[in-house]
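Scroll down for the structure; my scribbles are underneath it.
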Amino acid sequence: MSESTAPLAYKRVLLKLTGESFCRDRSGGISMTEINRLSEEIRNIVESGVELAIVCGGGNILRGKQFSDNSESIKPATAHYMGMLATVINGLALQDALEHIGVPTRLQSAISMESVAEPFIRRRCVRHLEKGRVVILAGGTGSPYVTTDTAAALRAREIEADIVMKATRVDGVYSDDPEKNPHAIRYDRISFQDVIAQRLQVMDAQAFHHCMEHDIPILIFDFQKAGNIINAARGVQVGTLVNSDPAS
């Protein structure tokens with residue numbers, strides 16, 4: 001069976017987009033060229049029948065912890081709120097790009113801002129997904145000191161997603177830093193327990209443990225390669241799958 005005709009492996013997907021997805025070559029800011037390319041990939045996955053929720057990062061604009069670490073005049077909590085607002089900016093850009101190509105969307109924010117986004121309400125979010133709308137989830141969890149990785153893990157459980165797909169600039173999980181160790185091994189599949197035993201970096205620790213405790217698979221893959229998002233939803237080998245049973 002070809003990749004283009006493979007059936008869906010996951011019906012409802014939580015896609016975590018790093019802030020780097022919204023800019024070019026880690027330059028920061030927003031690149032509509034990158035967002036438009038990403039939007040085409042998202043349209044393909046939605047047209048295949050996947051119910052898709054997206055959690056946005058905001059690091060292309062501001063990372064709260066790094067900002068507070070470098071500025072004594074900004075309190076850490078304030079810096080984290082600023083980072084959460086950055087995810088809303090990304091969400092707005094992605095929403096317009098998707099709707100420009102005919103993909104129905106809803107932007108929901110964990111921080112109340114009715115003028116630009118709906119509040120996150122679990123039942124409303126699920127209903128949008130059932131109607132074929134892409135739900136963009138911004139504002140993190142609405143609380144400081146919580147990463148967007150953790151927000152993705154929590155939202156995945158709330159909406160009963162089949163998997164958390166984390167789109168990054170690396171093509172999977174390695175036994176060591178591949179930029180420093182040319183002999184590092186890339187895993188196609190690995191268990192939660194082996195990730196802990198080998199002290200591998202997959203997601204924020206709190207997010208990882210939440211997925212492990214509630215048996216939510218995690219897929220780490222390179223979002224820059226065309227077709228990776230839809231192929232991942234079809235179960236085609238893309239990146240590294242982390243779950244309870246790597247043989248399954």
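The values are calculated or read from the model by the stated rules, or taken from the named source; none is laboratory data. Model, not experiment: these values are computed from the prediction. A quick note on method: Cβ atoms are made from the backbone with ideal geometry, for glycine too, and the neighbour counts reach across all protein chains shown. With ligands, DNA and RNA removed, areas are computed over all heavy atoms of the protein, side chains included. Shrake-Rupley method; radii C 1.70, N 1.55, O 1.52, S 1.80 Å.
Which of the residues belonging to the stretch 192-211 are in contact with a helix residue (DSSP H, G or I) (Cβ under 7 Å, 6 or more places away or on another chain) and more than 23 Å from G235 (Cα to Cα)?
D204, Q206
Applying the selection to the stretch 36-67, what residues are in contact with a Ser or Thr (Cβ under 8 Å, 6 or more places away or on another chain) and in contact (Cβ under 8 Å) with a residue 60 or more places away in the chain?
L38, V55, C56, G57, G58
Are any residues in the stretch 196-220 assigned to a loop (DSSP other than H, G, I, E, B), open to solvent by 80 Å² or more (accessible area, probe 1.4 Å) and more than 18 Å from D176 (Cβ to Cβ), and if so, which ones?
Across the stretch 196-220, the qualifying residue is only D215.
Among the residues of the stretch 20-44, which ones are surrounded by 15 or more Cβ atoms within 10 Å (Cβ to Cβ) and either modelled with pLDDT under 90 or among the β-branched types (V, I, T) (or both)?
E20, S21, C23, G28, I30, I35, I42
Out of the residues in the stretch 138-169 that are open to solvent by less than 10 Å² (accessible area, probe 1.4 Å) and closer than 23 Å to N231 by Cα, which is modelled with the lowest pLDDT?
Restricting to residues being open to solvent by less than 10 Å² (accessible area, probe 1.4 Å) and closer than 23 Å to N231 by Cα, the top hit is A167.
For the stretch 221-232, give me the residue count where each residue is surrounded by fewer than 21 Cβ atoms within 10 Å (Cβ to Cβ) and either more than 12 Å from the chain's Cα centre (by Cα) or of a type in the set (S, T, Y) (or both).
Residues flagged as surrounded by fewer than 21 Cβ atoms within 10 Å (Cβ to Cβ) and either more than 12 Å from the chain's Cα centre (by Cα) or of a type in the set (S, T, Y) (or both) within the stretch 221-232 amount to 5.
Filter the stretch 170-195 down to residues that are open to solvent by 40 Å² or more (accessible area, probe 1.4 Å) and under 21 Å from the mean Cα position of the chain (by Cα) and give me whichever is nearest to I230 (Cα to Cα).
Ranking the qualifying residues of the stretch 170-195, first place goes to D171.
Take the residues in the stretch 175-188 that are touching a residue at least 24 places away in the same chain (Cβ under 8 Å) and in contact with a strand residue (DSSP E or B) (Cβ under 6 Å, 6 or more places away or on another chain); name whichever of them is nearest to D245 (Cα to Cα).
Applying the filter and picking the extreme gives Y187.
Considering R186, R169, R234, R155, which residue is in contact with a Gly (Cβ under 7 Å, 6 or more places away or on another chain) and on the phi < 0 side of the Ramachandran plot?
Being in contact with a Gly (Cβ under 7 Å, 6 or more places away or on another chain) and on the phi < 0 side of the Ramachandran plot holds for just one of R186, R169, R234, R155, which is R186.
Have a look at G58, G64 and point out the one that is open to solvent by less than 70 Å² (accessible area, probe 1.4 Å) and modelled with pLDDT of 90 or more.
Residue meeting the stated conditions: G58.
Kindly indicate the residue of the stretch 7-25 that is touching a residue at least 40 places away in the same chain (Cβ under 8 Å), in a loop (DSSP other than H, G, I, E, B) and not hydrophobic (A, V, I, L, M, F, W, C) and also farthest from F208 (Cα to Cα) among those meeting that condition.
This residue is P7.
Considering only strands (runs of 3 or more DSSP E) fully contained in the stretch 101-191, which possess at least 1 residues that are of a type in the set (K, R) and out of contact with any helix residue (DSSP H, G or I) (no Cβ under 8 Å at 6 or more places or on another chain)?
189-191
In the stretch 74-112, what residues are among the small types (G, A, S) and surrounded by 15 or more Cβ atoms within 10 Å (Cβ to Cβ)?
A79, G83, A86, G91, A93, A97, S109, A110
For the stretch 93-113, give me each residue that is farther than 12 Å from G132 by Cβ and in contact (Cβ under 8 Å) with a residue 60 or more places away in the chain.
If the condition is that a residue be farther than 12 Å from G132 by Cβ and in contact (Cβ under 8 Å) with a residue 60 or more places away in the chain, then A93, L94, A97, H100, I101 are the ones that fit.
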